[in-house]
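One structure is given below, encoded as structure tokens.
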Amino acid sequence: MGLPETTKMEDWIVSQLPEGSSVGVDPRVLSVEAAGKLKKAFSEKDISLKYIDRNLVDVIWEDRPAPSDSPITVHPPEFSGETVEHKLERVREKLSSKGCSSHVLCALDTIAWVFDLRGKDIDYNPVFISYAVITEEDAHLFVDRGKVTEDVREHLANLVTFHPYEEISSFLKGLAEKGGRVWIDPVTTNKWLMLPLEGKVKIHMERSPITDLKSVKNRTELAGFRKCLATDGAAMVRFLKWLEEAVPSGGVTEISAALKLEGFRREGEGFVGLSFNTISAYGEHGAIIHYDPTPETDVELKPEGIYLVDSGGQYVNGTTDITRTVSLGEPNEEQREMFTRVLKGHIDLAMLRFPRGFSGKQIDAFARKALWDAGKNYGHGTGHGVGHYLNVHEGPMGITPRDKGVPLMEGNVLSNEPGYYKAGEYGIRTENLVVIEKDQELSSEELEFLKFETITLCPIDLRLVDEELLTEEERKWLNDYHRKVREELSPLLDEDHVRWLSERTRAV
């Protein structure tokens, strides 16, 4: 989805229906933006769009799992670096600047961030099912009260009023009677929340200000990222050494390798869970960008070919996402060339210095040029934002040709993950997290510049590197990076792993 050649959902539906048809949708699972696109497309063929009260799938779903009843936990200022009171002040300043009296929240990560709360309702994402409304004077959280502990109530005392989750609709009807101007994010707010407001109040349609606020990490959050990435890097080193030694003996599969890596992560300080299901892909499976091994597709890793592992963890002080491509045998010339071209793109983006105000769309090509020079490319974005002990994919910014032009900001944490995929044979991807910071050397009163700092710590497989393809500057970056990895991870490892790491981070 999202590719230029892909048929849009609304266009496909229109093509399948005769004029005068009626289409029923559950407004709870349709964003305001998506509903608008459907309505516009339907109007061109006299198709009516009707909102139904009950989801028909829910009516017939007899063995539906019960909702999570996991308690909500507090994410304290020692990790978040800011009080809820101050966050609400900043949100209200944004509302005031647009003449808005209230803001309705539907995106779970924005709710978790603004109230410094975390949950376990969604796999891999530390959020909880809820709605929220922030007004000029107060804030309201709609959530299953059974999940609200005394710690949570004390944490938000005098700042937030708690309501049962199902009371959001009646609350919005009351809000509509008061008039005013309500801020709605059309991409993350479902159409159902709009129904009590339409025609009753003025609506301000714009991306939630909280999306932008939470994307700029403060010093405490960045310190947390660095600490958890060191912990995560140590787990990766233990895993890579184990993998290298275990595969020749046989019995290691994609799934068992993923579970072994999870086990190493679980030993790390502050580990809560995985940040997404591990992409553990051997050989031709590596060419499937979002491959998810199952018992039916699981294969044994052999001492030959290429293994790609894309994984990450949720820690109380940050979120990680890392991809490493490993040679399990003697790589051929083509594999070394393509790995090195991907690495060149990764390094060239990591070294980039660019003017403030540039978006990811304007710099994405730097990660692709080395592949383009060989007539190759990759079909995914180069980088996505990463939440702080929140969703591993976070907006509003990204590094991709399909970026909407959102400027990159100092304090953004993103991935840097170019790749190459040869269908039916192998896949290559190298991914580190980077933080954007001001480039003090290039910045002047006339123009400010930004740069990336790579904060992921894990060796890159030198067996796959063709040194002849690297420039002196790229070679220096790789050696400097490996020196940093060695220096920062060695204190977290035993002597055996330090020896292994020293060899894997040798200068080239």
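Bear in mind these aren't lab numbers, they're just calculated from the coordinates by the rules spelled out. The structure presented is a predicted model; accordingly, all values stated were derived computationally and were not measured. For neighbour counting, all protein chains shown are included, and Cβ atoms are generated from backbone atoms with ideal geometry for every residue, glycine included.
Data overview
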read-out	value
Cα gyration tensor category, rounded, prolate or oblate, for region 143-189 with a/c compared to 1.5	prolate
Full-stretch length increase - Ser170, Glu245 - with 0.36 nm per residue and alpha-carbon distance subtracted	20.9 nm
Tensor-based shape of region 1-133 (alpha-carbon gyration tensor, a/c under 1.5 rounded, otherwise prolate or oblate)	prolate
Whole-angstrom Cα spans of region 9-60 along principal axes, big to small	30, 22, 15
Of Gly283, Pro295, Thr220, farthest towards positive along the dipole that unit charges on Lys, Arg, Asp, Glu beta carbons give the chain	Thr220
Span-rule helices in the chain, defined as complete DSSP H runs reaching 30 Å or more along the axis (Cα) with Kyte mean at least -1.0	219-246
For region 309-323, Karplus couplings with θ = phi - 60° (6.51, -1.76, 1.60), whole Hz, Gly/Pro x	10, 10, 8, x, x, 9, 10, 4, 10, x, 10, 10, 7, 9, 10
Listed residues Leu172, Leu493, Ala132: farthest to the positive end of the dipole of the chain (Cβ charges)	Leu172
Taking region 73-213 and dividing mean pair separation by its residue count, relative contact order in percent (alpha carbons under 8 Å, at least six apart)	25 percent
Segment Ile13-Ser48, extension gain: residue separation times 0.36 nm, minus the distance between their alpha carbons	11.4 nm
Karplus (6.51, -1.76, 1.60) ³J(HN,Hα), θ = phi - 60°, over region 399-414, in Hz, Gly and Pro reported as x	10, 6, x, 9, 4, 8, x, 6, x, 6, 10, 4, x, 5, 10, 9
Percentage, to the nearest whole number, of Cα pairs in the chain over 45 Å apart	18 percent
Simple Cβ-charge dipole of the chain, Lys/Arg +1 and Asp/Glu -1, about Cα centre, in debye nearest 20	1160 debye
Proximal lysines to Lys202, defined as alpha-carbon separation beneath 27 angstrom and excluding residues fewer than eight positions away on the same chain	Lys37, Lys39, Lys40, Lys50, Lys87, Lys94, Lys98, Lys173, Lys178, Lys191, Lys214, Lys404
Pairwise FRET efficiency - Glu334 versus Glu93, Cβ, R0 = 56 Å, nearest 0.05	0.50
Counting DSSP beta bridges with both ends in region 96-242, the antiparallel % (nearest 5)	50 percent
Mean separation of Cα contacts under 8 Å, 6 or more apart, over the residue count of the chain: relative contact order %	12 percent
DSSP loop trypsin sites (Lys or Arg not before Pro) with at most 13 other Cβ within 10 Å: longest gap in the chain	179-401
Region 9-60, dipole about Cα centre (Lys/Arg Cβ +1, Asp/Glu Cβ -1), debye to the nearest 20	100 debye
Distribution of pairwise C-alpha distances over region 338-406, 10 Å bins, in %	21, 47, 29, 4
Distant-in-sequence amide H partners of Ser275 (H built 1.01 Å from N, under 5 Å)	Gly312, Gly313, Gln314
Pair Thr471, Lys202: separation of 7 Å Cα→Cβ label points (nm)	5.2 nm
Distant-in-sequence amide H partners of Leu105 (H built 1.01 Å from N, under 5 Å)	Ala132, Val133, Ile134
Calculated on alpha-carbon atoms, Rg and Dmax of region 216-504 in Å	18.1, 61
Net +/- balance of residues flanking Thr73 in space, Cβ distance below 11 Å, scoring K and R +1, D and E -1	+1
Full-extension gain in nm, Met409 to Glu437, via 0.36 nm per residue minus C-alpha separation	9.3 nm
Cβ-based charge dipole, region 216-504, positive-most Cα from Thr320, Leu457, Ile255	Thr320
